[in-house]
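Have a look at the structure below, then the notes.
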Ligand SMILES: [Zn+2]
């Protein structure tokens, strides 16, 4: 894995935060994340990415930051990674492919394996990094080289995957709670599982 270039580009983070607010992608309430943890904030990237100008901005910023790793192809997991992966690939002038889950397993369903190429993994949000690894393994197992990883949002806990170099545009630091000591549960706020319609 390459060493990521300087990460805390505050102007870019600030612009991404603004675009999330403007597009209604930054939701506040009581949410159960895919990790199972509870949070008072949820970023629904799809709401931001529905605006092509915002998607292009995020794609260009990620492309700038991973260009030095010289990826020959971009790989993203469906559905969340489709739009941003495509924008990054467009900006770098390389092909874009995606994998998807079938019977619980990530696989390349629609594309031939690209072979021994250099690839970058691009996602909308990284929460634990578990599915990132699962996704990247698909190409790595066929001899491709995983040269960089990027996401719009990095919402990993601070102590997780320190050895893994993830380029992100916005590092979230909202508190996360285990269900048993979640203050929002204690307050009786209805719990929303994002992706399902808030009640
Ligand atoms: Zn809760």
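Values in this text are rule-based calculations from the coordinates and carry no lab data. This one's a predicted model, so the numbers in the text were calculated from it and none came from an experiment. No Cβ is skipped: glycine too gets one built from the backbone with ideal geometry, and neighbour counts run over all protein chains shown.
Overview of results
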{"item": "Over segment 69-149: Kirkwood hydrodynamic radius from C-alpha pairwise inverse distances, Å", "result": "12.3"}
{"item": "Cβ crowding within 10 Å averaged over residues, with 16-24, 110-118 ranked highest first", "result": "16-24, 110-118"}
{"item": "Scattering profile of segment 10-186 at q = 0.08, 0.13, 0.20 Å⁻¹ [log10 I(q)/I(0), Debye over alpha-carbon scatterers]", "result": "-0.24, -0.64, -1.39"}
{"item": "Computed helical MRE - 222 nm, the chain, DSSP H runs ≥ 4 contributing -39500 (n - 2.57), nearest 500", "result": "-8500 deg cm²/dmol"}
{"item": "Using a Förster distance of 22 Å, the FRET efficiency for residue 172-residue 51 (Cβ separation, nearest 0.05)", "result": "0.60"}
{"item": "Beta bridge orientation in the chain: antiparallel %, DSSP, nearest 5", "result": "30"}
{"item": "Fully extended contour minus Cα-Cα distance, from residue 11 to residue 141, at 0.36 nm per residue", "result": "43.0 nm"}
{"item": "Cα gyration tensor shape of segment 46-110, rounded if a/c is under 1.5, else prolate or oblate by comparing a/b with b/c", "result": "oblate"}
{"item": "Inter-label distance, nm, simple model (7 Å from Cα along the C-beta direction), residue 78/residue 186", "result": "4.4"}
{"item": "Packing-based order for 100-107, 48-55, 165-172, 72-79, using average beta carbon neighbours within 10 Å, highest first", "result": "72-79, 165-172, 48-55, 100-107"}
{"item": "Angle between the chain longest axis and helix 10-22 axis [Cα atoms, degrees, rounded to 10]", "result": "60"}
